[in-house]
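Participant: Pasting a structure here, questions to come.
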Amino acid sequence: MTDALVLARRALREGIRTPEAIIPTLFIPLFFLVVNVGQAARIFPGSTTAFLHGQGYGAFQLPSSMLLAASFGSAALFLIEDIVGGYFDKLRATPVHRSALVLGRLLAEGLKTLLIASVIVALGLAFGISIASGLVGFFLLIGLTAGWAIVYAGFMQIIALKTRSAAATNSAGLVFFPLLFLTPNFVPRNLLTHPMEVAATINPVTYVMEALRSLILQHLRWQTIGLGYLVVAVAAAIMLALSVRVIRNYD
Amino acid sequence: MAEVEGAQRIVRAGSGEAAVEVEGLVKTYRSRAGTVEAVCGVDLRVEAGEIFGFLGPNGAGKSTMVRMLTTLLSITAGFARVAGLDVAREPDAVRQRIGVALQEAGLDARQTGRELLVLQGRLFDLSPRDAAARADELLELVELSDAADRRIKSYSGGMKRRLDLASALVHRPEVLFLDEPTTGLDPASRVTVWDEVRRINERGTTVFLTTQYLEEADQLCDRLAIIDAGLIVREGTPARLKNDLSERLGREVTLDDVFLDATGRTRTHVAGEVQEVSAHD
C-alpha cells in the first residue's frame, strides 16, 4: 500500500502541475448542467413536480454533472504519456507490487474527484440547491462520486495498457455517454418509456445516479445509497482484478 | 556505505560468480505478418564486476535482450539468471538487484530531478529520509545538484541521460543495464557518461551495456559480444577480437572491421546503423 500511496502522491503532483487537464473536467459538467436545466426546468417546476421533492430541476440534474465530471479523469492519458515516454518501464523495473502501478493513479483520481465534486456541489448550493441528507449525505455524495471516478479511470487505464494509444483511449472514454444517457437522466425511472426503463434497469450507472440523487433530494435512504455503493464496489473489484492481469501480461 | 557495499561486491566479482547467465534465450513476437524471431537462442555469460558490451546493428536484438534480462519482456524459451536469480521465476527479487536505464531516458518531465530520485528510492523501500539523502548523493555524483529542483522538462539531453543513470543507481544495484546510454548525446556529454560508467564499475557494479558506438565499446568494455539477427556472432575482449581478425587478414584492424566482418556488412551497407564518434578524454 505504501508504494501505491507514493505513486498516488506523484500522480497528484502531476495533476496540480497540469491545471489545463483539470479545468475541462469542471467546466464541461457545469456547462451540461446549465444547458439541461435551461431546457427542462420549465417543464418540471419544483412546486408541482413530485419527484423533485420541493427543489428545482437543477437538484435533479446535479448527479449527472457529477458523474460526468467523475468520468473525465485524465489518469489514463497521463499513463499513455508514461508508456510512450518510457517512464512506465522505469516503474515496471522497480520491485513494487504490480497492483500498486495501477492503484497509485486511481487513488489520486479519487482524491481529485473529491475536490472537483465538492466544487460542483458548492456551486450548486450557491444557486439554491440543497443537500437534503445533510452533512453526512454530502460526504456520502462526494465519496460515491469519487468511487465512480476510480472505477471509470480504472477502465480507461485498462484500455490504455492494452492499446498504448492516446487516440484509442480517448475514443474509449466516449463509452460513458451511452451509459449516462441510458439512465433516468432527465426523469425518474418509472416515467421512462418501457424500452428505456429496461435499458436503465440493467445499466449499473443507474443505481449510482439514483443513489446520488436520493442524497440530494431526500433524507438518508440507506437501501438506495447502499445499492449505489455496492455497484461501485463490485465494479472496482472487477476493474482492479482485470488491471492487475493486464499489467502482469504486459510485454 | 556505498563504498563498503561496493568493496564487498568486488570481492564477489573475484569469486568467478556470473552476474548474467543466459542459455538458449529465445524471444518471438506474433504480428499480423507472422511470427518474428527477435532473439534466436543466445548463450551468454557476464562475470561479476565486468563492463560487458553488447553490440549490434539496429534491430539485431540488443534491446530485446536487455528487456528480457530486466524482467520487462517475457522470455519465449531458454533460461536467464541475473545476479544469481532466475529472471522468469523470481522477477521481483531480480528487480531489487538490478538497475535499468533504457534507450530512451524514461523520465517524468513534470517532476524535478530531486523528486524523481526520491520517488525511485521510495519504490525501492528506502525511508523518506534515506531516499532524500540518497537523492542528494546521486545528484552530486552525476553533477546535477544545481539543477536538482528544476523540472526535468527543462533539462538538456545530456542532463536527462545522467539523471536516468542516477535513478538506476538509487538502490545500489549489483548489475546495471544500460541500453544505448549515449545515443543522441554530444561528444562532451558522452565522455561524462563514460566517466560515470567507469566510476560506477569501480565501485563494484557489473555493467551490461548495449551500444551502437564501436569506440564506446572499445574504450569502456572489458569484454563484448556482437549480436546480429538475434544470434551472437562474436564474443571476447576487444583486443582479442581485433587480434584474431588482424591475424586472419594480415593487417591492422579496428573494432569497426571486427563488427563489419562479424555482421557481414560493408561500410556502405552499414552507414546509418553504426557510427563512430571520437570523444577522447
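The values are calculated or read from the model by the stated rules, or taken from the named source; none is laboratory data. Not measured: the values here are computed from a predicted model. All Cβ positions, glycine included, derive from the backbone under ideal geometry; neighbour counts span all protein chains shown.
Participant: Taking only pairs six or more apart or across chains, which ones have beta-carbon atoms under 9 Å, a first residue in the range A:1-28 that is within 12 Å of another protein chain (Cβ to nearest Cβ), and a second residue that is among the aromatic types (Phe, Trp, Tyr) and crowded, with 20+ Cβ neighbours inside 10 Å?
Facilitator: A:Ala11/A:Phe78; A:Glu14/A:Phe78; A:Gly15/A:Phe78; A:Thr18/A:Phe78; A:Ala21/A:Phe78
Participant: Next question. Would you pick out the residues in the range B:153-165 that are more than 14 Å from every other protein chain (Cβ to nearest Cβ) and crowded, with 16+ Cβ neighbours inside 10 Å?
Facilitator: Result: B:Gly158, B:Met159, B:Arg162.
Participant: What residue, of A:Tyr152, A:Tyr229, is touching a helix residue (DSSP H, G or I) at 6+ places or on another chain (Cβ under 7 Å) and either of a type in the set (A, V, I, L, M) or surrounded by fewer than 21 Cβ atoms within 10 Å (Cβ to Cβ) (or both)? Working first, answer last.
Facilitator: Details: A:Tyr152 fails: either of a type in the set (A, V, I, L, M) or surrounded by fewer than 21 Cβ atoms within 10 Å (Cβ to Cβ) (or both).
Criteria check complete, one pass: A:Tyr229.
Residue by residue, here is whether (1) under 15 Å from the mean Cα position of the chain (by Cα); (2) hydrophobic (A, V, I, L, M, F, W, C); (3) over 30 Å from B:Leu119 (Cα atoms); (4) surrounded by fewer than 18 Cβ atoms within 10 Å (Cβ to Cβ) holds:
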site: A:Ala21; (1), (2), (3), (4): no, yes, no, yes
site: A:Leu33; (1), (2), (3), (4): no, yes, yes, no
site: A:Tyr57; (1), (2), (3), (4): no, no, yes, no
site: A:Leu67; (1), (2), (3), (4): yes, yes, yes, no
site: A:Ile80; (1), (2), (3), (4): no, yes, no, no
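Participant: Turning to a different aspect of this structure: Quick check: is even one residue across the range B:167-178 assigned to a helix (DSSP H, G or I) and either within 12 Å of chain A (Cβ to nearest Cβ) or among the hydrophobic types (A, V, I, L, M, F, W, C) (or both)?
Facilitator: yes
Participant: Just the residues that are among the small types (Gly, Ala, Ser), surrounded by fewer than 21 Cβ atoms within 10 Å (Cβ to Cβ) and either out of contact with any strand residue (DSSP E or B) (no Cβ under 8 Å at 6 or more places or on another chain) or more than 8 Å from chain A (Cβ to nearest Cβ) (or both), please, taken from the range B:84-124. Spell out the reasoning first.
Facilitator: Step one: filter the range B:84-124 for residues among the small types (Gly, Ala, Ser), giving B:84, B:88, B:93, B:99, B:101, B:105-106, B:109, B:113, B:121.
Keeping just the survivors that are surrounded by fewer than 21 Cβ atoms within 10 Å (Cβ to Cβ) gives B:84, B:88, B:93, B:109.
Correct list: B:Gly84, B:Ala88.
Participant: I'm checking my understanding of the structure. Among residues of the range A:163-217 that are aromatic (Phe, Trp, Tyr) and in a helix (DSSP H, G or I), which one is nearest to A:Val136 (Cα to Cα)?
Facilitator: If we take residues in the range A:163-217 being aromatic (Phe, Trp, Tyr) and in a helix (DSSP H, G or I), then A:Tyr207 is nearest to A:Val136 (Cα to Cα).
Participant: Taking only the range A:204-251 into account, find how many residues are among the acidic types (Asp, Glu) and within 19 Å of the chain's Cα centre (by Cα). Spell out how you get there, then give the answer.
Facilitator: From the range A:204-251, those among the acidic types (Asp, Glu) are A:210, A:251; that's our starting set.
Add one more test, that the residue is within 19 Å of the chain's Cα centre (by Cα), and what stays is A:210.
Residues in the range A:204-251 being among the acidic types (Asp, Glu) and within 19 Å of the chain's Cα centre (by Cα): 1 in total.
Participant: Looking at (1) within 30 Å of B:Ala18 (Cβ to Cβ); (2) at pLDDT 95 or above; (3) of a type outside the set (S, T, N, Q), which is the one condition that is false for B:Val142?
Facilitator: B:Val142 satisfies all of (1) within 30 Å of B:Ala18 (Cβ to Cβ); (2) at pLDDT 95 or above; (3) of a type outside the set (S, T, N, Q) except (2).
Participant: Continuing with the same structure: If we keep just the residues of the range B:207-243 that are among the basic types (Lys, Arg) and more than 15 Å from the chain's Cα centre (by Cα), which is farthest from B:Leu25 (Cα to Cα)? Can you show your working first?
Facilitator: Residues of the range B:207-243 among the basic types (Lys, Arg): B:223, B:234, B:240, B:242.
Remaining after also requiring more than 15 Å from the chain's Cα centre (by Cα): B:234, B:240, B:242.
Details: B:Arg234: 16, B:Arg240: 25, B:Lys242: 27 Å.
Only one residue tops the list, namely B:Lys242.
Participant: What is the one condition in (1) more than 17 Å from B:Pro173 (Cα to Cα); (2) within 13 Å of another protein chain (Cβ to nearest Cβ) that B:Asp136 does not satisfy?
Facilitator: The failed condition is (2).
Participant: If the Cβ limit is 8 Å and pairs must be 6+ apart or interchain, which residue in the range A:84-103 that is farther than 15 Å from A:Gln157 by Cα pairs with which residue that is buried (at least 22 other Cβ atoms within 10 Å of the Cβ) and among the small types (Gly, Ala, Ser)?
Facilitator: A:Gly85/B:Gly106; A:Gly86/B:Ala105; A:Gly86/B:Gly106; A:Tyr87/B:Gly106; A:Asp89/B:Gly106; A:Lys90/B:Gly106; A:Lys90/B:Ser167
Participant: When you scan the range B:139-152, how many residues do you find that are within 24 Å of the chain's Cα centre (by Cα) and either under 19 Å from A:Val6 (Cα atoms) or within 13 Å of another protein chain (Cβ to nearest Cβ) (or both)?
Facilitator: Total meeting the criteria: 1.
Participant: Go through (1) more than 12 Å from every other protein chain (Cβ to nearest Cβ); (2) in contact with a helix residue (DSSP H, G or I) (Cβ under 7 Å, 6 or more places away or on another chain) for A:Phe31 and report which single condition fails.
Facilitator: Single failed check for A:Phe31: (2).
Participant: Can you pull out the residues in the range A:1-10 that are within 18 Å of B:Arg114 (Cβ to Cβ) and hydrophobic (A, V, I, L, M, F, W, C)?
Facilitator: Within the range A:1-10, the first condition is being within 18 Å of B:Arg114 (Cβ to Cβ), and the residues that meet it are A:6-7, A:9-10.
A:Val6, A:Leu7, listed by residue number.
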